[in-house]
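Engineer: For reference, the structure I am asking about is given below.
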Amino acid sequence: MAAKIEKIGVIGAGQMGNGIAHVAAVAGYDVLLHDAAPDRIKSALATINGNLARQVARGTVTEAARQTALARIAPAEKLEALANCDLIIESATEKEEVKRKIFAELCPKLKPEAMLATNTSSISITRLGASTDRPERFIGIHFMNPVPVMELVELVRGIATGDETFEVAKAFVKKLGKTYAVAEDFPAFMVNRILLPMINEAVYTLYEGVGSVEAIDTAMKLGARHPMGPLELADFIGLDTVLSVMQTLHEGLADSKYRPCPLLVKYVEAGWLGRKTKRGFYDYRGEKPVPTR
């Protein structure tokens, strides 16, 4: 019989990690939230509280459910605290060496039957799984941003991922009220393999002077019915993340069509990473966003 998942550990209390903790707690799981910086855990709990309050205001969650969900999430300052978790989801920064280091520290502390998952948006699941002591219990569970709102989760099996792990992951995603799509373990999986080159192409369109920031975003919103223009979306995702996924695609598939736009590289070098740094393709420091080009 497939393993029973009751207690979940989430590593990384950033935008994705706090979203994963949020939806898992609402679905009835006990959640332990860990981050290398304890301050980030505090601000993540405040964010979850605010997001749940918004769901209450919209009528999607009751006040009682909000309080119950909040009570299910506890901070875990040390990795040792995750020793009794049935499933641990790593949602740290999108750098392979960082993820490998976390798994190297974490694995000896876990019970043998615990399952490990990564929320990576582009790194090889097979390679990450091979760096752990349990590749058959390792899987990619890639949530979309913002996690409480987006319905899709990409499930990605590595070469060694066992059938039982796959079945447990499917049941877990369903219990969260999400829909899963199964992707093969190739660079950037499905969503980002299609979406990120489109964003990169929008940056090239800007770089080559075909259109301004506003013109490009307006064109795609009104001409292709996209809810958000590609440059606005890039700022939302984080230009460093966009660049790292494009680099993964370019290196992993060795095709020049995935070459990151030099202008994207320049923005990242400047530290203009989008909303999180208050400047990207738009400047967010004033009352309303102003294009930076």
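The values are calculated or read from the model by the stated rules, or taken from the named source; none is laboratory data. Note that this is a predicted model, so its numbers are computed, not measured. Glycine gets a Cβ as well: all are built from the backbone with ideal geometry, and neighbour counts include every protein chain shown.
Engineer: For the range 99-106, does any single residue satisfy the condition of being outside any loop (DSSP other than H, G, I, E, B) and touching a residue at least 40 places away in the same chain (Cβ under 8 Å)?
Structural biologist: Checked the range 99-106: at least one residue is outside any loop (DSSP other than H, G, I, E, B) and touching a residue at least 40 places away in the same chain (Cβ under 8 Å).
Let's see how each residue does on (1) among the acidic types (Asp, Glu); (2) in the same structural domain as residue 262 (by TED's automatic domain parsing); (3) outside any helix (DSSP H, G or I); (4) under 25 Å from residue 274 (Cβ atoms):
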residue	(1), (2), (3), (4)
172	no, no, no, no
198	no, yes, no, yes
228	no, yes, yes, yes
234	no, yes, no, yes
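Engineer: Any residue at all in the range 136-155 that's of a type outside the set (A, V, I, L, M), more than 22 Å from residue 179 (Cα to Cα) and either buried (at least 20 other Cβ atoms within 10 Å of the Cβ) or not assigned by TED's automatic domain parsing to the domain that holds residue 195 (or both)?
Structural biologist: Yes, because at least one residue in the range 136-155 is of a type outside the set (A, V, I, L, M), more than 22 Å from residue 179 (Cα to Cα) and either buried (at least 20 other Cβ atoms within 10 Å of the Cβ) or not assigned by TED's automatic domain parsing to the domain that holds residue 195 (or both).
Engineer: Here's something else I'd like to know. For residues that are aliphatic (A, V, I, L, M) and touching a strand residue (DSSP E or B) at 6+ places or on another chain (Cβ under 8 Å), tally how many sit in the range 24-48.
Structural biologist: 9
Engineer: When you look at residue 177, is it surrounded by fewer than 14 Cβ atoms within 10 Å (Cβ to Cβ) and not in a helix (DSSP H, G or I), yes or no?
Structural biologist: yes
Engineer: Is there a residue in the range 39-56 that is over 26 Å from residue 156 (Cβ atoms), among the hydroxyl-bearing types (Ser, Thr, Tyr) and over 19 Å from the mean Cα position of the chain (by Cα)?
Structural biologist: Checked against the condition, which is being over 26 Å from residue 156 (Cβ atoms), among the hydroxyl-bearing types (Ser, Thr, Tyr) and over 19 Å from the mean Cα position of the chain (by Cα), the range 39-56 yields no hits at all.
Engineer: Given the conditions (1) of a type outside the set (A, V, I, L, M, F, W, C); (2) buried (at least 22 other Cβ atoms within 10 Å of the Cβ); (3) not in a helix (DSSP H, G or I); (4) not assigned by TED's automatic domain parsing to the domain that holds residue 26, and given that residue 209 satisfies all but one, which numbered condition is not satisfied?
Structural biologist: (2)
Engineer: Which members of the range 234-264 meet the condition of being surrounded by 21 or more Cβ atoms within 10 Å (Cβ to Cβ), more than 17 Å from residue 95 (Cα to Cα) and under 16 Å from the mean Cα position of the chain (by Cα)?
Structural biologist: The answer is 234, 235.
Engineer: Further, regarding this structure: Here is a list of conditions, (1) over 14 Å from residue 25 (Cα atoms); (2) without any contact (Cβ under 8 Å) to a residue 40 or more places away in the chain; (3) touching a helix residue (DSSP H, G or I) at 6+ places or on another chain (Cβ under 8 Å), and residue 79 meets all of them except one; can you say which number that is?
Structural biologist: (2)
Engineer: Does any residue in the range 145-165 that is closer than 24 Å to residue 127 by Cβ come within less than 7 Å, Cβ to Cβ, of a residue that is of a type in the set (Lys, Arg) and surrounded by fewer than 21 Cβ atoms within 10 Å (Cβ to Cβ) six or more places away or on a different chain, and which pairs are these?
Structural biologist: Here the result reads 152/178; 153/178; 155/170, each pair linking the range 145-165 to a residue that is of a type in the set (Lys, Arg) and surrounded by fewer than 21 Cβ atoms within 10 Å (Cβ to Cβ).
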